[in-house]
Amino acid sequence: MQNIYDARQRVKIVFLLVSMLLVGVFLYISNRLVTDLSIEERNKMEIWAEATREVASADTDMDMGLILKIIQSNTSIPVIVADEQDSIRQILNLKLPEKSPDVYLRDKLAEFKSGSNKIEIYIDENTRQYLYYDDSILLKRLSYFPYIQLSVMLLFILIAYLALISSKKAEQNKVWVGLSKETAHQLGTPISSLLAWLDLLELNGVDKDLLSDMGKDVKRLSVIAERFSKIGSKPEMKFMYINEVLVNATDYMRRRISNKVRLTTHLPQERIGGMYCLPLLEWVVENLCKNAIDAMDGEGCIDVSLQADKDKCYIDVKDTGKGIPRNRFKTVFNPGYTTKKRGWGLGLTLVKRIIEEYHEGRIYVKESEPGKGTTFRIELKRS
């Protein structure tokens, strides 16, 4: 079952890698488009500068109509032509304000000079002018496009990823609920039959002590069926003392484990109460104990302890088993994760759901060290 979880993880990783690759390709294409347009504008400005030089030259033999057409063709790129003393000779595609146009032009010239868009115009051997220009509105808009595109794509990928996770979770919930309900239903018939057989055996004079032990086991089956029937529906909460829940669960486990496992319960003298579902909460403690026994290979120590503060109570289940690597602290609660050769890997997943969804608490790996053991902590509200 661990392989199933790892396969799902690989699907997520592949999805993210493909998404990142697509983002990279689109960004590269967008940036390439912006770069090409910038080079094209530079070429246009060099032609425009050459046309300006020809106009300023007195001995030109070129067609002035063509030169003027080239000069007038620039309708989008802001241009300032200045001499060596920074006196502005010509402006183009700049909207001057009504107030202080000279100040505006000086500021614009300083702004253009700080950029890299500069072309020297050699009028003659002793005269030079400088053409400064800014990016066109189209180029500026395109320069923002990759960032807008990146934001939109990341948002789309996030929504798609969340939708994928949500659909998987909904599918898992349906499977768990269906499995639980069907299990409870299937257990109901043999339990009813066993109860009838117990009554018949009692009427036939079978040893009452033997029937009592059998009755306890049948009752236990009824409790298990009740637990499964509560999965998928909001359980009924009643006020109870958590001390008694832990005593009942650990006493049950203690009678059914080998002598090689020592199960110890540490409870405070104060009775700590709250609104809980008794069958489900006992199931949680029993499940954690069973996992601890599996982790210890049926030999070791389990300590179940209870602490509390003003608002919460804390249940720690500590074992001396194999331990859990730190990078698996969260994944142990994922459906399908198991280190056993046989099993569905749903035990800790259901435990997490019972604690966090039904009791609005928390469960997590408090501490663990490979080869030394693990401590699971449950946090619950108290009344």
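The values are calculated or read from the model by the stated rules, or taken from the named source; none is laboratory data. None of the values given here were measured: they were computed from a predicted structure. Quick reminder, even Gly has a Cβ in these numbers, built from the backbone with ideal geometry, and neighbours come from all protein chains shown. Each accessible area value is taken on the protein alone, full model and side chains, heavy atoms only, with ligands, DNA and RNA left out. Shrake-Rupley method; radii C 1.70, N 1.55, O 1.52, S 1.80 Å.
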Item to check | Out-of-range pairs (alpha-carbon distance over 32 Å; input K234/K312; K238/K318; K234/K318; K234/K290; K219/K372) | outcome: K219/K372
Next on the checklist: Highest mean first, how do 107-119, 279-291 rank when packing is the count of other Cβ atoms within 10 Å averaged over residues?
Outcome noted: 279-291, 107-119
Item to check | Amide H contacts under 5 Å for I121, placed H, 5+ residues apart | outcome: Q129, Y130, L131
Checklist entry - What are the principal axis extents of the Cα atoms in region 239-376, in Å, biggest first? => result 39, 33, 24
Item to check | Top positive-direction residue, dipole computed over region 197-341 with Cβ charges, set I257, P279, T320 | outcome: T320
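Going from most exposed to least, what order do D83, D303, D199 have by accessible area with a 1.4 Å probe?
The ordering from most to least exposed comes out as D199, D303, D83.
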